[in-house]
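Everything below concerns the one structure shown next.
Every number in this text was worked out from the coordinates using simple rules, so none of it is lab data. Worth saying up front: this structure is predicted, and the values here are computed from it rather than measured. Here the Cβ positions follow ideal geometry from the backbone for every residue, glycine too, while neighbour counts run over all protein chains shown.
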Amino acid sequence: MNPGQLIFFFLFGLLLVAVIQVGALSLAFDKLGLSQHSAMLLLISSFVGSLINLPLFTIRAEASEPQPIPPWLKGMLGRNLPPFEGKTVIAVNLGGCLLPLGFSIYLVQFSQLPLDTVALACLVTTAIGYAFSRPLPGLGIGMPVFVAPLAAALVAIWLAPENSPALAYISGTVGVLVGADLLRLKDIRRMGTPIASIGGAGTFDGIFITGIVAVLLA
């Protein structure tokens with residue numbers, strides 16, 4: 001891990017502690033029915049898991065002109081990557097994909113939300129995630145960070161006002177992962193990046209923020 005990444009995770013950790021102190025995260029997870037201990041376990045697991053990418057397969061890809069990035073920002077974006085050699089490793093991120101999906105499945109089982117309501121909410125947020133995401137050559141998939149949580153909260157309030165926090169978390173997480181990651185895999189071949197992680201890199205903070213903000217707004 002390069003110094004820029006260490007600084008980012010240190011600052012992120014400080015911010016996380018500060019947010020917990022003011023009660024925002026506690027309020028969000030309380031809405032989801034989690035105890036403080038369970039909420040902290042989920043947060044720490046997601047944070048540590050964001051450092052772990054599990055390779056799935058490799059595809060041939062084309063080189064592209066990378067987006068210009070200020071030198072001071074490169075480390076914080078986690079762009080300390082091996083050189084691109086005509087192939088892209090497709091991976092899945094533990095903290096940014098598998099854990100949020102697992103928690104979403106838990107919420108579906110214990111929130112008593114109708115499956116057709118969940119499916120419709122996820123379909124809407126996935127369409128929005130795809131519409132607002134863009135491939136950034138040499139970087140990954142970019143998306144305005146507050147679009148997904150706002151959309152997830154509004155859809156959840158519309159479809160299930162009595163259980164909107166759970167639906168907001170589920171649809172927000174699925175919307176980003178499917179709309180901004182899985183449906184954008186076809187663009188990976190033209191991005192010239194050595195690794196593309198589903199739920200990883202910058203997408204992790206997008207999914208984290210989406211889950212928390214969507215629940216708070218719902």
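Here are the numbers for the structure shown:
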item: Long-range amide H partners of Thr58 with built H, under 5 Å; result: Ile90
item: Fewest-first ranking of Asp116, Asp30, using other Cβ atoms within 10 Å as the exposure measure; result: Asp116, Asp30
item: Residues Thr173, Thr125 arranged by fewest to most Cβ contacts within 10 Å; result: Thr173, Thr125
item: Residue order, fewest to most surrounding Cβ atoms within 10 angstrom, among Arg184, Arg189; result: Arg189, Arg184
